[in-house]
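*Asks:* Structure incoming, see below.
Any read-out appearing in this document is the output of simple, stated calculations on the displayed coordinates, not a laboratory observation. In this text the structure is predicted, and so the values were computed from the model without any measurement. Backbone-built Cβ (ideal geometry, glycine too); neighbour counts: all protein chains shown.
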Protein chains: 2
Amino acid sequence: MFVVPVLLAVVIGVEAAENLVLRGISCTLFEIEGHLMPKFFDPDMSEHVLEHVKSKGVRVMTGNSVEKFNSDSEGNVSSFVSGGKDYECQLVILATGVRPNVQLAKDARIIIGPTGGIKIDRRMETFIRNVFAAGGCVESVNLVTGKPCWYPLGTTANKQGRVAGANIAGGEKAFEGVVGTSITKVFDITAGRTGLSEREAKEAGFNPASVTVTTSVNAAYYPGEGSITLKLIADSGRKILLGAQAVGDTSVDKVIDTVAAALTGKLSIPALTNIDLAYSPPYSSVLGTVVKAAGVLEEKLGL
Amino acid sequence: MFVVPVLLAVVIGVEAAENLVLRGISCTLFEIEGHLMPKFFDPDMSEHVLEHVKSKGVRVMTGNSVEKFNSDSEGNVSSFVSGGKDYECQLVILATGVRPNVQLAKDARIIIGPTGGIKIDRRMETFIRNVFAAGGCVESVNLVTGKPCWYPLGTTANKQGRVAGANIAGGEKAFEGVVGTSITKVFDITAGRTGLSEREAKEAGFNPASVTVTTSVNAAYYPGEGSITLKLIADSGRKILLGAQAVGDTSVDKVIDTVAAALTGKLSIPALTNIDLAYSPPYSSVLGTVVKAAGVLEEKLGL
């Protein structure tokens, strides 16, 4: 039996576990925080991912740090120590998260922002004139909080690169920011999020309230239905939408993209409850997942 | 051989044709206008539906009206006449569209709007106090034009009914309007739209410009990819987004819902080009269909 601990499992750790298991390799995920993917999901939504991952034969140890690795006589890893206990293993994958690589910028005395990423304006220009930066090394504006944030993602890097390129070539383009959208396949289900998690909402000074709705993806009578759980997070004082998290068999990408667009357009919660989304039985229930959840949220906030 | 003409084929006609063919029944669609689903799709996008429907063995006659039906000695339909020509048939399905049933309202002297639907305010109250109306009999506000419109759909009726019910019970809810979203399964593909078609844009006094992008739904290297064609329509003067039409193997509902939310939030075209949608190879190309098309539109409009 192989035991493969993946440490501080962010999304990459869970993705690695999936692919190891699909190759028939026994695998254990070690996560130092109390729940899987803590940067992306609140504990309640992470629980759905945990259950699914466990059902696929992955062992998961949360709240566990790794203190030491041991090697055999040939210098290969043979075991590691966690909580004073020894675990045998043949392979270790470290998925401990990422940090912006800003050394070059620091050496050039380019301003680094509070998130650790390079500070840029909306034209992607650093605070040294004619020096532009884009991608995982720069910070961005969170359009929900209006504050700097750092979500290093390929799709964001691509868009920022286009804006930087256009401006370098004499154009006048702007990258206004992100809403913190992210999605990942976990075996047979999908987990996605946009906006702020409850933790991020609290850190940003909001007073989060949330609702969670589990519903069939299509009209209930339509063959081949799947199920989705959607959590919507709002500020209970200002009664504005702050974020969403979804876990489901299918349509998570649709639901997250719809809420991401709603957050970008600063839609009110009543507007989201009545939003005119595409309905036909093969694609949606008559109200649809987003509208259903928004209606429950509206009720909870007394709107 | 059965020949089943479906007349004035709106969405229902195409759906009926699909189900007849799947039961092994030969079928011909007659459409009085020049292209299929003329109320929903511009001719160029309708062409994709036409090709697919034809590839499934449906005969399609556009620009054809039916002048006469003939019956056999038992009173069953035996043939019909179109363009002076006789067509043998055993079954006729008339899908000639719908009109609001407002007779009861007219009898009660309730005001009917310019679209033929009952005029209501945002509380779903008619212009006779304490009489509320909702569903296919009422008109709505088109949030893109700000003008009255009539799109009788189950999902809209459901939302309006909730608003009317809440207000009747002493609440204070509003239904602000729709953006004209609709979706339909056509055999193995999906066709969807939101906002205004080019025809509707011209009728509303806009000067439409459009771009059409065909792209793979997922990262091109990801297994099981499908393809989608997305048309975005904008006003070339005001440079605002007016609508979208999409035909594809999959993810049409996602793309249409995203644009519907963008239209509801009145996102600018540059904002749509940089919108933070969910990217991971199983779900999207690195930019995604909406962002790709918005980028081409931005370029075309010189933004």
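*Asks:* Full extension from residue B:157 to residue B:122: what is 0.36 nm times the residue separation minus their Cα-Cα distance, to one decimal in nm?
*Replies:* On the way: separation 35, 0.36 × 35 = 12.60 nm, distance 1.37 nm.
Separation in residues times 0.36 nm, less the Cα-Cα distance, equals 11.2 nm.
*Asks:* Now a separate question. With a sphere of radius 13 Å drawn around the Cβ of residue B:190, what net charge do the other residues whose Cβ falls strictly inside it have (Lys, Arg +1; Asp, Glu -1)? Walk me through the numbers before you get to the answer.
*Replies:* Values: positive: A:254, B:185, B:193, B:254; negative: B:15, B:18, B:188, B:249, B:253, B:257.
Taking every Cβ under 13 Å from that of residue B:190, the sum is -2.
*Asks:* Per residue of B:247-256, count partner chain C-beta atoms within 10 Å of its C-beta, then hand back the mean as an integer. Each step should come with its number before you reach the end.
*Replies:* On the way: counts 0, 0, 0, 0, 3, 2, 11, 9, 3, 5.
Mean shielding count: 3.
*Asks:* Consider a paramagnetic label point 7 Å from the Cα of residue B:77 along Cα→Cβ; state which residues of the range B:26-56 have an amide N under 11 Å from it.
*Replies:* Flagged as within label range: B:28, B:30.
*Asks:* Cβ under 13 Å from residue A:102's Cβ, residue A:102 left aside: what net charge do those residues give with Lys, Arg +1 and Asp, Glu -1? Don't jump to the answer; show the numbers that get you there.
*Replies:* On the way: positive: A:99, A:106, A:109, A:119; negative: A:107, A:139.
Here the charged neighbours net out to +2.
*Asks:* Here is a further query. Below 14 angstrom from the Cβ of residue B:222, what's the summed charge of the other residues (Lys, Arg +1; Asp, Glu -1)?
*Replies:* Within the 14 Å Cβ shell, the charges total -3.
*Asks:* Can you list, shortest first and in nm, the gaps between the label point of residue A:169 and those of its counterparts in the other copies, using a point 7 Å from Cα in the C-beta direction?
*Replies:* Values, ascending and in nm: 5.7.
*Asks:* Let's test the formula: R0 of 22 Å, r as the Cβ-Cβ distance of residue A:296 and residue A:203. What FRET efficiency results, to the nearest 0.05?
*Replies:* Working: r = 25 Å, r/R0 = 1.14.
Computed FRET efficiency for residue A:296 and residue A:203: 0.30.
*Asks:* Turning to a different aspect of this structure: Any chance you could tell me what percent of the C-alpha pair distances in the range B:1-110 go past 22 Å? The partial results should precede the final answer.
*Replies:* Details: 2241 of 5995 pairs.
Percent of Cα pairs beyond 22 Å in the range B:1-110: 37.
*Asks:* For the range B:107-132 and the range A:96-169, what is the centre-to-centre distance using only Cα atoms, to the nearest Å?
*Replies:* 54
*Asks:* Per residue of A:287-295, how many C-beta atoms from partner chains lie within 10 Å of its own C-beta, taken as a mean?
*Replies:* Working: counts 5, 4, 0, 2, 4, 0, 0, 0, 2.
Mean shielding by partner chains, rounded to a whole number: 2.
*Asks:* Moving to a separate point now. What aspartates and glutamates could a cross-link reach from residue B:119, if we take a straight Cα to Cα line under 16 Å and drop same-chain neighbours fewer than 8 places away?
*Replies:* Straight-distance partners of residue B:119: B:107, B:139, B:176.
*Asks:* Above 21 angstrom, tally the Cα pairs of the range A:120-249 and express them as a % of all pairs, no decimals. Walk me through the intermediate numbers first.
*Replies:* On the way: 4476 of 8385 pairs.
In whole percent, the long-distance tail amounts to 53.
*Asks:* If exposed means no more than 12 neighbouring beta carbons inside 10 Å and the site is in a DSSP loop, what's the longest run of chain A without any exposed trypsin sites (Lys or Arg not before Pro)? Intermediate results must be reported in sequence, preceding the final value.
*Replies:* Working: sites that count: A:23, A:109, A:129, A:238.
After excluding every exposed loop site, the longest remaining stretch is A:130-237.
*Asks:* Loop by DSSP (not H, G, I, E, B), at most 14 other beta-carbon atoms within 10 Å: where is the longest site-free stretch of chain A for GluC sites (Glu not before Pro)? Show your work: numbers first, answer last.
*Replies:* Working: sites that count: A:67, A:74, A:172.
With GluC sites (Glu not before Pro) excluded where exposed in loops, chain A gives A:173-303 as its longest stretch.
*Asks:* Nearest beta-carbon of B to the rotation axis carrying it onto A: which residue, how many whole Å?
*Replies:* B:265, 1
*Asks:* Let me ask something else. Compute the separation of the alpha-carbon centres of the range A:183-201 and the range A:31-66 and state it in Å as a whole number.
*Replies:* Taking the Cα centre of each part, the range A:183-201 and the range A:31-66 sit 13 Å apart.
*Asks:* Another question, if that's okay. Over chain A, with a Gaussian network built from C-alpha contacts below 10 Å, which listed residue (A:169, A:16, A:95) shows the highest mean-square fluctuation?
*Replies:* Among A:169, A:16, A:95, the largest GNM mean-square fluctuation belongs to A:169.
*Asks:* Give me the compactness ratio for chain B, meaning the Cα radius of gyration over 2.2 N^0.38 Å.
*Replies:* 1.12
*Asks:* Now, a different point. For the protein assembly as shown, max minus min Cα coordinate along each principal axis, in Å, sorted largest first?
*Replies:* 97, 55, 50
*Asks:* Do the sum for chain A: with -39,500 (n - 2.57) for every DSSP H run of n ≥ 4, divided by all residues, what is the mean residue ellipticity at 222 nm, to the nearest 500 deg cm²/dmol?
*Replies:* -8000 deg cm²/dmol
*Asks:* Let me ask something else about it. Shielding of B:107-120 by partners, i.e. mean partner chain Cβ atoms within 10 Å per residue? Write out the running numbers ahead of the final one.
*Replies:* On the way: counts 0, 0, 0, 0, 0, 0, 0, 0, 0, 0, 0, 0, 0, 0.
Per residue, the average neighbour count from other chains is 0.
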